[in-house]
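> Mind having a look at this structure? Questions to follow.
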Amino acid sequence: MVKRKYCILGVLAILCFIGTGYYAWTLYDAHCKQVAEWNEGAKAAFEEALWIEVNKRSNIPIYSYSRGENEMTTLNEKIPDSVSVMTMNGWQRYKIDRYKYDNSLIKEGRKRGHLGALLKKYPLSIDSLSIHWDSLLNHQQISAKSKIRYIITDLDLKNDTAYSDTNPSLRFDSLSVSYLGFRCEHELVGYVSYPYWLWNLPFVSYLGILLPWGFLIFLVVFYSSVEKLFHNKFIQEKIVEKEIHVADVAIDKAKIYQLPDGSVFDSFAGTLTKDDLIHTLPPQSALLLRLFLRKENHRLSTAEIEHELWNGNGTIDKIHKVIQRLRTELRKVSSELVIKNVNGDYELK
């Protein structure tokens, strides 16, 4: 019985481990897919926040001039390799990085030049940009913390870097980069930080992970009670009736009955044994079982039971109680031993 207990609990523990592992993997896979969707939405929101900030300066007039105004142009503007800019030291030529061009918010040459001059006098507000981005993330229900890095490169190629206010303990991943201006001297990088996937699950998902283990712990604590209830409710209802053919073997003064289900009844000691289980029957139950086994058809009438147990002074109520008590004792050892009421008599099946 102890072996069976640990085998059942071991199998259930393995099933819990496999089941919860697979369920957790499906939740993690769903979280990764959701993060991929959030990344796309967060990139679009970052670009939209940039446009909001840039458009605040769309009506500010700019005085500018350029060289080579009489050059021939086409509808498909050629991407320049470099640009000449007037500095305090005269005209300076700067190379245009193709990566920066590809990630520029505005790619049209004249507008990019105007934007560069405009941002030199009216740089972006990183705090305002961060507020707009967070607002758009909340509107799209994206569970992410944001961070922005703003780098301004002057004509002497010196960098001035600023960060939006954020929690320094969070781990951020680079999400999107944009460049503003003709020489792309304004670089803005958006970072996002998502909560750990286990902390981002709905409450129902936690129940799906914890309930199997809670049930297993419950079985470990109350195994005996659950096993007894299970046997009382289900096992006795599934008894397969079979005729018992009893082999009697005389051993000294004891009478040993070997039953086909593997159980052994020692009428002298009053014990019923099966496998490693040895159960001692109450004296009256042991006597009644011996009476059943000694009968050729294993059937006793109420009159026979009354005569053998109470010398004819018994009652119907006593007979019912002693039969019920023997049924209870037999179930403790074997589910195949059952007493049936057959036309007013009692028969051991």
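> Name the single residue, out of those in segment 282-341 being in a loop (DSSP other than H, G, I, E, B) and acidic (Asp, Glu), that is modelled with the highest pLDDT.
Per the stated criteria, the residue is Glu336.
> Looking at this structure, is Gly344 over 26 Å from Lys228 (Cα atoms), small (Gly, Ala, Ser) and surrounded by 14 or more Cβ atoms within 10 Å (Cβ to Cβ)?
Taking the combined requirement at face value, the residue does not satisfy it.
> Could you please tell me which pairs satisfy a Cβ distance under 6 Å, a separation of 6+ or placement on different chains, a first residue in segment 108-131 that is part of a helix (DSSP H, G or I), and a second residue that is of a type in the set (Phe, Trp, Tyr)?
Filtered contacts from segment 108-131: Arg112/Phe182; Gly113/Phe182; Gly116/Phe182; Ile126/Tyr150.
> OK, next. Considering only residues that are of a type in the set (Ser, Thr, Tyr) and closer than 16 Å to Gln34 by Cα, look in segment 187-216 and name the one that is surrounded by the most Cβ atoms within 10 Å (Cβ to Cβ).
Tyr194
> Could you please tell me which pairs satisfy a Cβ distance under 7 Å, a separation of 6+ or placement on different chains, a first residue in segment 317-339 that is in the same structural domain as Leu288 (by TED's automatic domain parsing) and acidic (Asp, Glu), and a second residue that is part of a helix (DSSP H, G or I) and surrounded by 15 or more Cβ atoms within 10 Å (Cβ to Cβ)?
Filtered contacts from segment 317-339: Glu329/Ser285.
> For segment 132-160, give me each residue that is surrounded by fewer than 16 Cβ atoms within 10 Å (Cβ to Cβ) and assigned to a helix (DSSP H, G or I).
Selection gives Ser135, Asn138, His139.
> Next question. From (1) under 36 Å from the mean Cα position of the chain (by Cα); (2) surrounded by 14 or more Cβ atoms within 10 Å (Cβ to Cβ); (3) modelled with pLDDT of 85 or more, pick out the condition that doesn't hold for Ala36.
So the condition that Ala36 fails would be (2).
> Quick check, is Leu300 touching a Phe, Trp or Tyr at 6+ places or on another chain (Cβ under 6 Å), on the phi < 0 side of the Ramachandran plot and touching a residue at least 60 places away in the same chain (Cβ under 8 Å)?
No, not satisfied.
> Follow-up. Quick one: is Ser178 closer than 16 Å to Ile52 by Cα, assigned by TED's automatic domain parsing to the domain that holds Cys32, in a helix (DSSP H, G or I) and modelled with pLDDT of 75 or more?
Spelling it out, it is not the case that Ser178 is closer than 16 Å to Ile52 by Cα, assigned by TED's automatic domain parsing to the domain that holds Cys32, in a helix (DSSP H, G or I) and modelled with pLDDT of 75 or more.
> What residue, of Ile244, Ile256, is at pLDDT 80 or above, in contact with a strand residue (DSSP E or B) (Cβ under 9 Å, 6 or more places away or on another chain) and not in a helix (DSSP H, G or I)?
Ile256
> Another question, if that's okay. Mind telling me which of the residues Glu347, Glu296, Glu304 ends up being in contact with a Lys or Arg (Cβ under 7 Å, 6 or more places away or on another chain) and farther than 15 Å from Phe265 by Cβ?
Glu347
The values are calculated or read from the model by the stated rules, or taken from the named source; none is laboratory data. Fair warning: this is a prediction, and the values are worked out from it, not measured in the lab. Positions of Cβ are generated from backbone atoms using ideal geometry, with glycine treated the same way; all protein chains shown enter the neighbour counts.
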